[in-house]
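Every read-out reported here was derived from the displayed coordinates using simple, explicitly stated rules and does not represent laboratory data. A quick note: this is a predicted structure, and the numbers were derived from the prediction, not measured. No Cβ is skipped: glycine too gets one built from the backbone with ideal geometry, and neighbour counts run over all protein chains shown.
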């Protein structure tokens, strides 16, 4: 799995505020039809803040501010994508229209009982990469062709390994001395300090996060904390990330068969078997001839 450069997405995730028991979740799924779905779940249960003494109007005001910030950042992301698209000399007008129509970016979240859900849909992995990497087409293809995997060679099989950190890791630092996870914690604390005590803030400010990657391939293995297959046929790999281990390395791998070795092995076995059959046949004929000679 290619290492995802999501630094441009930091401005979105860094403004996450959560007042709920579930962990903020960033999910990226490559679907069986070739499309890519990106989901950001922002836990927010109004009753939890109300139970801590936050007035209802303040609770709704905080929620509205979160939605406003996300909507603004999604607009900025899409504007940057359009600017890159229009200035790309490597694309025809039809190419630009194809890429533009294949990126669906929400401005309003789906509001669930336990939080806010933003879902971004891309018609293909190419759409997804073009949207985020801010590279012209030829440069993007050159980047995607870079092989960052490590191959552990075996006799019959090879293990192809990809490793890196998640969007919460140091590769997406929001500031010089803070990772994204640390910034989320400090930002949420600052928003609530006028309404709650330090102890109450500590009970609602997120310190644990979930990074999720989905794939239709059952051949992808990982060191995820959980791997499960959902009803949509996608295998989900989930890693638990905290403010303390935001730089946690995650690893995925596939097993490739050494076809030449297998072919050679089969060929050798075939010759050995043929040799055995010839020897057995020779011995039978010799025994038959010996009996006739008697």
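Summary of values
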quantity	calculated
Per-peptide average of other Cβ atoms within 10 Å, ordering 92-102, 62-72 highest first	62-72, 92-102
DSSP beta bridges in the chain [antiparallel fraction, %, rounded to 5]	90
Relative contact order, percent, the chain [alpha-carbon distance under 8 Å, six or more residues apart]	23
Helix 180-192 axis, angle to the chain major axis (alpha carbon atoms, nearest 10°)	20
